[in-house]
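The values are calculated or read from the model by the stated rules, or taken from the named source; none is laboratory data. Keep in mind it's a predicted model, so treat the numbers as computed, not measured. A quick note on method: Cβ atoms are made from the backbone with ideal geometry, for glycine too, and the neighbour counts reach across all protein chains shown. Ligands, DNA and RNA are excluded from the accessible area calculation, which covers all protein heavy atoms including side chains. Shrake-Rupley method; radii C 1.70, N 1.55, O 1.52, S 1.80 Å.
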Amino acid sequence: MSRKVDQMPMPAEVLPMKIIVASPSRSGTLGLYQAMRILGYKTYHFYECITVHGLPHMEICSEAITAQYNRLSGVKKYDRADYDKWLGDYDCLVEIPSMMGPDLIEAYVDDPDVKFILTERNPDKWVTSVNNTYFDATLYRFLAMNELVYRAMSGCTRPGDAENAQNLRKHYTDYIKRVKEIIPADRLCYIRLEDGLDWENICPFLGVPIPEEAYPGRNEPEKFQKLVQEFLQPKMMAAVMRLSAVAVPAIGILGWAAVKYGPSALAELKRL
């Protein structure tokens, strides 16, 4: 089966990977993305995927997740060469590795020049944080990809389902455990989020000076929601206008959004 990544050209120059932040989302990853950029790394994060590269990278990301978690999809799992095609313009990855599972970590762990950072938080707080942040073609792909990621993490359950919290917790703890097993201890900077995350945690490990600039603010959920709102709002407005042009009543638009994309989209439309 032909894959999206097979149609993607290899970058003219594949940057040597330097840092992989193996932390799952909702574990300080947005702050780490900003911190790595401040330190001068060419950094790839979910935000970079959707707002910088848009639909092509969102399709690649969705394909990689499908290949990883859906054994019946018929899509071949990504390997190092595939990751080089997709991510070769970057020397630092944040958050994306956790979406791909331990296979991406294993693709780079034999390279002695790659360092890793892993933040961990209380699993029950992580479950609550994920469930409180429920997750044109670009709008559809963004929302569909968020649903795909959530289904992979939750064992195809939804918030409120009997096994939802249990499945999310197991996915999280299994992933953290496996990452610790894969990465050599001398190349892993392990941080418990509850103990604090700051320049002092990561700069000595990376061998770089501590910047004078303050570490990026810690209000990650609020920042992420603002970034996503800035990305989604014009696309949702355009969708509403297109639907309105064919005389869909406003209540129909809201009902359609709630069914198609979930409560977060409905709340966004109501704010427009």
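Here are the numbers for this structure:
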item: Residue that is most open to solvent (accessible area, probe 1.4 Å) [pool: residues in segment 35-46 that are within 19 Å of the chain's Cα centre (by Cα) and modelled with pLDDT of 95 or more]; result: ARG37
item: Among (1) touching an Asp or Glu at 6+ places or on another chain (Cβ under 9 Å); (2) under 17 Å from SER23 (Cα atoms); (3) surrounded by fewer than 19 Cβ atoms within 10 Å (Cβ to Cβ), the one test that ILE191 misses; result: (3)
item: Pairs where the first residue, in segment 1-19, is in a helix (DSSP H, G or I) and the second is of a type outside the set (D, E, K, R), C-beta under 7 Å, 6+ apart; result: VAL5/ILE60; VAL5/TYR78; VAL5/TRP86
item: Residue in segment 86-106 that is modelled with the lowest pLDDT, counting only those that are open to solvent by less than 10 Å² (accessible area, probe 1.4 Å) and assigned to a helix (DSSP H, G or I); result: MET100
item: Failed criterion for CYS61 (all others in (1) modelled with pLDDT under 95; (2) open to solvent by 40 Å² or more (accessible area, probe 1.4 Å); (3) assigned to a helix (DSSP H, G or I) hold); result: (2)
item: Residue match in segment 108-131 (condition: among the β-branched types (Val, Ile, Thr) and open to solvent by 60 Å² or more (accessible area, probe 1.4 Å)); result: yes
item: Candidates ALA162, ALA144, filtered to the one that is surrounded by fewer than 18 Cβ atoms within 10 Å (Cβ to Cβ), modelled with pLDDT of 90 or more and small (Gly, Ala, Ser); result: ALA162
item: Among the candidates THR51, THR66, residue that is β-branched (Val, Ile, Thr), over 21 Å from ILE176 (Cβ atoms) and over 13 Å from the mean Cα position of the chain (by Cα); result: THR66
item: Filter pass, MET10 being over 14 Å from the mean Cα position of the chain (by Cα) and either open to solvent by 20 Å² or more (accessible area, probe 1.4 Å) or of a type in the set (S, T, N, Q) (or both); result: yes
item: Cβ pairs under 7 Å, 6+ apart, first in segment 25-54 and farther than 21 Å from TYR172 by Cα, second among the acidic types (Asp, Glu) and surrounded by fewer than 19 Cβ atoms within 10 Å (Cβ to Cβ); result: ILE38/GLU213; LYS42/ASP89
item: Boolean, TYR83 is part of a helix (DSSP H, G or I), at pLDDT 95 or above and not aliphatic (A, V, I, L, M); result: yes
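For every residue, the table says whether it meets (1) farther than 26 Å from GLY155 by Cα; (2) out of contact with any strand residue (DSSP E or B) (no Cβ under 9 Å at 6 or more places or on another chain).
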site	(1), (2)
ASP6	yes, yes
GLU13	yes, yes
THR29	no, no
LEU32	yes, no
ILE38	yes, yes
THR43	yes, no
ARG71	no, yes
LEU104	no, no
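Residue-by-condition table, conditions (1) over 28 Å from ASP124 (Cβ atoms); (2) touching a Lys or Arg at 6+ places or on another chain (Cβ under 9 Å); (3) hydroxyl-bearing (Ser, Thr, Tyr):
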residue	(1), (2), (3)
THR29	no, no, yes
ALA35	no, no, no
ILE38	yes, no, no
LYS85	yes, no, no
